[in-house]
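Each remark here refers to the structure printed beneath this line.
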């Protein structure tokens, strides 16, 4: 949970799951899951994200897949690269438009 403020985006499904993602192309080979949770933990992740102005993006399938298949601290598997890349591109466009 302490890493949530460092996230680039939090993927939700929208209420039960939350997965926080971080990507730094200079130091990481792939986007990384830095926090995840279900139920009350997901609610707390969403709260921290809102408090830190981290975008929350609803994507039910991606949230389920990342929650089920990637451990905290783990890199996003190649089969989810396309979906995560599109999500991060959207978030970066949002940030650059302000």
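Values quoted throughout were computed directly from the atomic coordinates according to the rules given, and no laboratory measurement underlies them. Owing to the predicted nature of the structure, the values given are computational and were not obtained by experimental measurement. Cβ atoms come from the backbone with ideal geometry, glycine included; neighbour counts cover every protein chain shown.
Tabulated values for the structure
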item	result
Mean separation of Cα contacts under 8 Å, 6 or more apart, over the residue count of the chain: relative contact order %	31 percent
For the chain: rounded, prolate or oblate by the Cα gyration tensor [a/c cutoff 1.5]	rounded
Within a Gaussian network of the chain (alpha carbon springs, distance under 10 Å), most fluctuating of 25, 73, 37	25
Rough spin-label spacing in nm, given labels placed 7 Å along Cα→Cβ, for residue 94 and residue 50	1.4 nm
Length gained when the stretch residue 78-residue 26 is fully extended (0.36 nm per residue, less Cα-Cα span)	16.9 nm
Listed residues 83, 20, 42, most fluctuating in the chain (Gaussian network, C-alpha, under 10 Å)	83
